[in-house]
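The values are calculated or read from the model by the stated rules, or taken from the named source; none is laboratory data. This one's a predicted model, so the numbers in the text were calculated from it and none came from an experiment. Reconstructed Cβ throughout: ideal geometry from the backbone, glycine too, with neighbour counts over all protein chains shown.
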Amino acid sequence: MNNIVIDKRSLIDVNSEISITRQCELFGLPKSTYYYKPKGYSTFDLLIMDLIDKIHTEFPFYGYRKITVVINELLVKRNLPTVNLKRVYNYMKILGIEAIYQKPKLSKLR
């Protein structure tokens with residue numbers, strides 16, 4: 001969640017004379033956001049993220065496609081369900097992992 005939304009949620013006072021609905025309106029915060037409780041990751045998701053981290057540490061030049069292939073090979077050996085490219089890509093974004101590769105036009109002066 002965004003830090004601004006978390007700050008707004010902390011400003012709402014449950015014991016106030018003003019209703020929670022009205023406080024949410026005043027802060028410009030949807031009432032559903034105030035009551036939202038984020039869901040944690042499952043053990044399978046944490047396993048996938050751990051595998052992504054280990055593979056990236058060993059092979060930092062692997063992108064999400066190659067990491068997906070390696071993870072699926074490991075999961076098949078353990079008789080676990082495989083994952084698709086999109087899931088690995090999203091977990092890499094969450095973890096802040098990016099493949100090391102030559103970016104375009106780095107030697108040009110701007």
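Taking interchain pairs and intrachain pairs at least six residues apart, which have beta carbon atoms under 6 angstrom, with the first residue in segment 18-45 and over 29 Å from Arg87 (Cα atoms) and the second modelled with pLDDT under 90? Within 6 Å, the pairs are Gln23/Ile12; Cys24/Tyr34; Phe27/Lys8; Leu29/Lys8. When Val70, Val76 are checked against the criterion of being at pLDDT 90 or above, in contact with a Ser or Thr (Cβ under 8 Å, 6 or more places away or on another chain) and among the β-branched types (Val, Ile, Thr), a single residue qualifies: Val76. Residue count for segment 13-31 under the criterion of being assigned to a loop (DSSP other than H, G, I, E, B) and among the β-branched types (Val, Ile, Thr): the result is 2. In segment 55-75, is there at least one residue being in contact (Cβ under 8 Å) with a residue 12 or more places away in the chain, over 22 Å from Thr43 (Cβ atoms), of a type in the set (Ser, Thr, Tyr) and loosely packed, with under 12 Cβ neighbours inside 10 Å? Scanning segment 55-75, I find no residue that is in contact (Cβ under 8 Å) with a residue 12 or more places away in the chain, over 22 Å from Thr43 (Cβ atoms), of a type in the set (Ser, Thr, Tyr) and loosely packed, with under 12 Cβ neighbours inside 10 Å, so the answer is no. Residues in segment 81-104 that are touching a helix residue (DSSP H, G or I) at 6+ places or on another chain (Cβ under 7 Å) and of a type in the set (Ser, Thr, Tyr): Thr82, Tyr89, Tyr91. Of everything in segment 32-48 that is surrounded by fewer than 10 Cβ atoms within 10 Å (Cβ to Cβ) and assigned to a helix (DSSP H, G or I), the residue that is modelled with the lowest pLDDT is Ser32.
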